[in-house]
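Engineer: Questions regarding the structure given below will be posed in turn.
The values are calculated or read from the model by the stated rules, or taken from the named source; none is laboratory data. Predicted model only: the values in this text are computed from it and were never measured. Here the Cβ is made from the backbone with ideal geometry for all residues, glycine too, and neighbour counts use every protein chain on show. Surface accessibility is based on the protein's heavy atoms, side chains included, excluding ligands, DNA and RNA. Shrake-Rupley method; radii C 1.70, N 1.55, O 1.52, S 1.80 Å.
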Amino acid sequence: MANKILTHSSGQEGILAKRELPMDETPEILSLRPGTLADYIGQLEVVETLEIAISAAKKRAEPLDHVLFHGPPGLGKTTLAHIIANEMGGSLTITSGPALEKGGDLIGILTHLSEGDVLFVDEIHRTPKAVEEFLYPAMEDFAVDFVFDKGVHARSHRFRLNRFTLVGATTRVGLLSAPLRDRFGIFRSLDFYNEADLVTIARRSAALLGVTIEADGAAELARRSRGTPRIVNRLLKRVRDYAQVRADGVVSQAAVVRSLALEGVDEMGLTTLDRRYIETVIRFYSGGPVGIEAIAATLQEETDTLVDVVEPYLLKIGFITRTSSGRRASEAACRHLSIACRKDPLFERKG
Ligand code: ADE
C-alpha cells in the first residue's frame, strides 16, 4: 500500500502538529481496515457508487469529485477516505473541523496538497465559519483567495491549488451549511451493518489478528456490536485477550459471552451508558417525552456524545423515539431493562 498519510490537529498554543505515518507503521486498528473497495464488506450501494466514480475519474485522468459521508461513528467514513486515496493513487491528509481553528490552518494544508491528493476533514460540521469560507473556492475552483490590508487598501490575490479531492465526514448533516453541502458531488449516508456483514468482518479481522474464531463466536460478537464494524474490531480484541488468558485462545461463543459480561456489554450490545440513558428516561422522566439537555444533565454526559454516539443505535432498534417534545423510551426498551412501562397499570408500583 503506497499511500502516505498525513495527520493534522491543532496543538498547544495554536502550534500545528503534523505527523507523517507510512501505512505500515500506523496502529493496529488501521491494519484491520480494508485497503481497497474489493475488500470492503457491506454498504454495497456506497461501494458501487464509489467504484463507478473512481473508475470514471481515472479514465478521464481527473481527480474524484468531492465526497461527503454521513453517518454514526464507526461505520467506515475514515476507512473509505483511506480507500479513496489508495484507489486514486494519492496521499491522504487527515484533519478535522475543530482542528481547523484559523483560515491559515486550512490554507497551510491546501497549499501542500499535490494533484490527486485526498484531504479528509472529519466532523466537518464543526469547521469554524471563517475557515469554511476558504473551502468554497478551494472546492469549486481549486484556489484560495488571500486578502492583504484592510479598508480602502484591501487587495485580493488568488492562489492556485493542485486539484485535490475533499472527503468530508459528518455525524450531523443537518448542521452543515447549504453552500458547503452543495459543493460535494457525491453524498452518501452510511447505515448500520447487518449481522451477516458483521460476522464476515469479525472473521476477516480474526484472520488478520491470527486468532481462531468459531462460527458461534463470530455470530455472538456480531449480535453484540451495535451494527458497527469499529465495535466488532474493538470487542474482538477484548475477547481475544480473555480467550488467551482464561481459556484456550479460541474465540468461542462462551468466550464472547463471558468476556463481554466483564466489559458491561449485554446480549443486545448495549453498554452501561446506553442502559443508563434508557433508565434515566424511564425512571427520572416517566418514559418521556424529555429534552436531550435534561437527559445529559442527569447523566452528567455531553449532549453531543448522547446525540452522536448513544442515540443513533437506540433509535435504530426502536428503543427510543424522538418527537418534537423530546425523547421517549419504548415498551421494548422497558422490557429489555425489565422495568415496568408507563402503559402498564402497575408502572408506578413496579417502577
Ligand atoms: N473493517 C472495518 N470495517 C470493515 C469493512 N466494512 N469491511 C472490511 N473490513 C472492515
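Engineer: Quick one: length gained pulling Leu208 to Thr305 fully straight, 0.36 nm per residue minus the C-alpha distance?
Structural biologist: 31.8 nm
Engineer: Using the alpha-carbon atoms, what tilt in degrees (0 to 90, nearest 10) does helix 195-209 show relative to the longest principal axis of the chain?
Structural biologist: Roughly 70 degrees between the two axes.
Engineer: Then there is this: Output the 0 to 90 degree angle, nearest 10, between the alpha-carbon long axis of helix 229-246 and the longest principal axis computed from the alpha carbons of the chain.
Structural biologist: It works out to around 50 degrees.
Engineer: Which Cα, out of Ala296, Ala333, Leu314, lies furthest along the positive dipole direction of the stretch 272-350 (beta carbon charges, K/R +1, D/E -1)?
Structural biologist: Toward the positive end, the furthest listed residue is Ala333.
Engineer: Find the relative contact order for the chain and round it to a whole percent, using C-alpha pairs within less than 8 Å whose residues are 6+ positions apart.
Structural biologist: 14
Engineer: When Lys and Arg each count +1 and Asp and Glu each count -1, what net charge do the other residues less than 13 Å away from Ala38, Cβ to Cβ, add up to?
Structural biologist: -3
Engineer: Also, I was wondering about something else. If only Cα atoms are counted, what is the Rg of the stretch 5-189, and what is its Dmax, in Å?
Structural biologist: Over the stretch 5-189's Cα set, Rg and Dmax evaluate to 16.5, 57 Å.
Engineer: Is it possible to state the helix-based mean residue ellipticity at 222 nm for the chain, with each DSSP H run of 4+ residues giving -39500 (n - 2.57), the sum divided by total residues, to the nearest 500 deg cm²/dmol? What is it? List each step's numbers first, then the result.
Structural biologist: Details: 15 runs with 142 residues, N = 351.
Result for the chain, helices only: -11500 deg cm²/dmol.
Engineer: While we're on this one: Compute the angle between helix 77-88 and the longest alpha-carbon principal axis of the chain, please, reported from 0 to 90 degrees and rounded to the nearest 10.
Structural biologist: 40
Engineer: Send over the Kirkwood Rh of the stretch 85-224, from the inverse of the averaged 1/r over different Cα pairs, rounded to one decimal Å.
Structural biologist: 17.8
Engineer: Sequence-distant or interchain residues sharing an amide H contact under 5 Å with Asp65, placed H: which?
Structural biologist: Here the answer is none, since no amide H 5 or more places off falls under 5 Å of that of Asp65.
Engineer: Relative to the compact globular guide of 2.2 N^0.38 Å, what is the alpha carbon radius of gyration of the stretch 105-150, as a ratio?
Structural biologist: 1.19
Engineer: Let me check I've understood the local charge: for Lys77, count other residues with C-beta under 11 angstrom from its C-beta, Lys and Arg +1, Asp and Glu -1. What total comes out?
Structural biologist: Every neighbour counted, the sum reads 0.
Engineer: Report the semi-axes of the equivalent ellipsoid for the stretch 196-263 in whole Å, largest first, where each axis is √(5λ) for an eigenvalue λ of the Cα gyration tensor.
Structural biologist: 16, 13, 10
Engineer: Residues of the stretch 201-351: accessible area per residue at 1.4 Å, in Å²?
Structural biologist: Here the residues of the stretch 201-351 average 49 Å² of exposed surface.
Engineer: Something else: Within the stretch 43-84, which trypsin sites (Lys or Arg not before Pro) sit in a loop by DSSP and count at most 15 neighbouring Cβ atoms inside 10 Å?
Structural biologist: Arg60
Engineer: Next up: At a 10 angstrom cut-off on C-beta neighbours, averaged per residue, how do the peptides 200-210, 119-129 rank from highest to lowest? Walk me through the intermediate numbers first.
Structural biologist: Values: 200-210: 18.0, 119-129: 21.7.
Going by the mean number of other Cβ atoms within 10 Å, highest first, we get 119-129, 200-210.
Engineer: Report the far tail of the P(r) of the chain, meaning the percent of Cα-Cα pairs longer than 39 Å.
Structural biologist: Working: 15141 of 61425 pairs.
So the portion of pairs separated by more than 39 Å is 25 percent.
Engineer: For a distance above 25 Å, tell me the whole-number percent of Cα pairs in the stretch 56-161 that qualify.
Structural biologist: 25
Engineer: Check which residues have an amide H placed less than 5 Å from Thr7's amide H, if you skip close sequence neighbours.
Structural biologist: Residues meeting the amide H criterion: Arg19, Leu21, Ile94.
Engineer: Moving to a separate point now. Sorting check: for 216-229, 156-169, 176-189, which peptide has the highest mean count of neighbouring beta carbons within 10 Å, and how do the rest follow?
Structural biologist: Those peptides, ordered most packed to least, come out 216-229, 156-169, 176-189.
Engineer: Roughly how many debye, to the nearest 20, is the charge dipole of the chain about its Cα centre, given +1 on each Lys and Arg Cβ, -1 on each Asp and Glu Cβ, and no other charges?
Structural biologist: Here the chain has a charge dipole of around 600 debye.
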